[in-house]
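Structure record follows, encoded as structure tokens.
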Amino acid sequence: MPRTVPLRRLFLALLLSCAVLAGTTACGGGDGGGSGTSSSSASPTGTSSAEAQKFAKTRFVANAGLAAGATYQWVVKPYRAGKFKKGADGRTFALVKAGLAGGFAYNRLKAATENAKGDPLLSKAVAPLTAGIASLKGLATKLRKGEAGAGDIGAFESVISSVKDAGKSAGAEVKDKVPSTSQLGG
């Protein structure tokens, strides 16, 4: 006597099959990505300027907002609260988080400047800020070691506010978005 399959199980099996098929299609067809099926002389197709500009402002706002939020939450706020002073409760933890936040903010600011290149107005507004962003490169290490002073924190605040002002002048207002601590670490 044949067994009947409940409709619910049949539907679930169909749904899972579609999900697996969609997942392998989205990941390049499931050929491992490096199976050698494509010729080495093939070159990637160029993207039109419209495609490059499509989300430039959105990406800029997201990256700059994360940098601003991380800077304020884990660098400026603890510094003003005296968490970086010798003998302060939780100083080591605050310094480590500030160092991670500084590195994260630097990374997001660099990404934001790359995003700004996709929009003509935004790229003109952000271009003068690249030197200021580059000056923040070693600040994460200074924060982690507890060697950052008021001038360093002020430089961080200044660069963040300059990026926010540049975005606002180009029609891409940046608002602070505090990243999670897991985003800071990796």
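Please treat every number below as a calculation from the coordinates, not as lab data. Keep in mind it's a predicted model, so treat the numbers as computed, not measured. Please note: Cβ atoms are built from the backbone with ideal geometry, for glycine as well, and neighbour counts cover all protein chains shown.
Label sites at Phe93 and Ser182, each approximated as a point 7 angstrom past Cα along Cα to Cβ, lie 1.9 nm apart.
In this calculation the C-beta distance from Lys168 to Ser135 is compared with R0 = 30 Å, giving a FRET efficiency of 0.85.
How long are the three semi-axes of the equivalent ellipsoid of segment 45-186, in whole Å, if each is the root of 5 times an eigenvalue of the C-alpha gyration tensor, listed from largest down? The partial results should precede the final answer.
Working: eigenvalues 180, 38, 28 Å².
Calculated on Cα positions only, the semi-axes equal 30, 14, 12 Å.
Phi angles of segment 87-104 translate, via the Karplus equation with coefficients 6.51, -1.76, 1.60 and θ = phi - 60°, into HN-Hα couplings of x, 6, 5, x, 4, 4, 5, 5, 5, 5, 5, 5, x, 5, 5, x, x, 4 Hz per residue; Gly and Pro are given as x.
Modelled this way, with points 7 Å down the Cα-to-C-beta line, the labels at Lys117 and Ser158 are 2.6 nm from one another.
Applied to segment 121-131, the Karplus parametrisation 6.51 cos²θ - 1.76 cosθ + 1.60 on θ = phi - 60° returns per-residue 3J(HN,Hα) values of 5, 5, 5, 5, 6, 8, 3, x, 8, 4, 5 Hz, with x for Gly and Pro. Each of the peptides 114-125, 164-175 was scored by the mean count of other Cβ atoms within 10 Å over its residues; in descending order, highest first, they stand as 114-125, 164-175. Computed extension gain for Lys145 through Asn107, at 0.36 nm per residue and net of the alpha carbon distance, reaches 11.8 nm. What residue among Ala88, Ser158, Ala140 has its Cα farthest toward the positive end of the dipole of segment 48-166, where the charges are +1 on Lys, Arg and -1 on Asp, Glu, each on the Cβ? Of the candidates, Ala88 comes out farthest on the positive side. Normalised by the residues of segment 45-186, what does the relative contact order come to in percent, with Cα pairs under 8 Å and at least six apart? So the answer I get is 38 percent. With K and R counted +1 and D and E -1, the other residues having a Cβ less than 10 Å from that of Gly90 yield a net charge of +2. If the limit is 21 Å between Cα atoms, which of Lys85/Lys175; Lys86/Lys177; Lys57/Lys117; Lys137/Lys168; Lys110/Lys168; Lys110/Lys145 go over it? Beyond 21 Å: Lys85/Lys175; Lys86/Lys177; Lys137/Lys168; Lys110/Lys145. Between Val174 and Lys168, the built amide H atoms are under 5 Å apart, and every one of these is 5 or more places off in sequence or on another chain.
Charges were assigned to the Cβ only: +1 to each Lys and Arg, -1 to each Asp and Glu. The resulting dipole of segment 43-186 about its Cα centre is roughly 380 debye.
Separation of segment 63-85 and segment 92-135 by C-alpha centroid, Å? After rounding, the separation between the Cα centres reads 14 Å.
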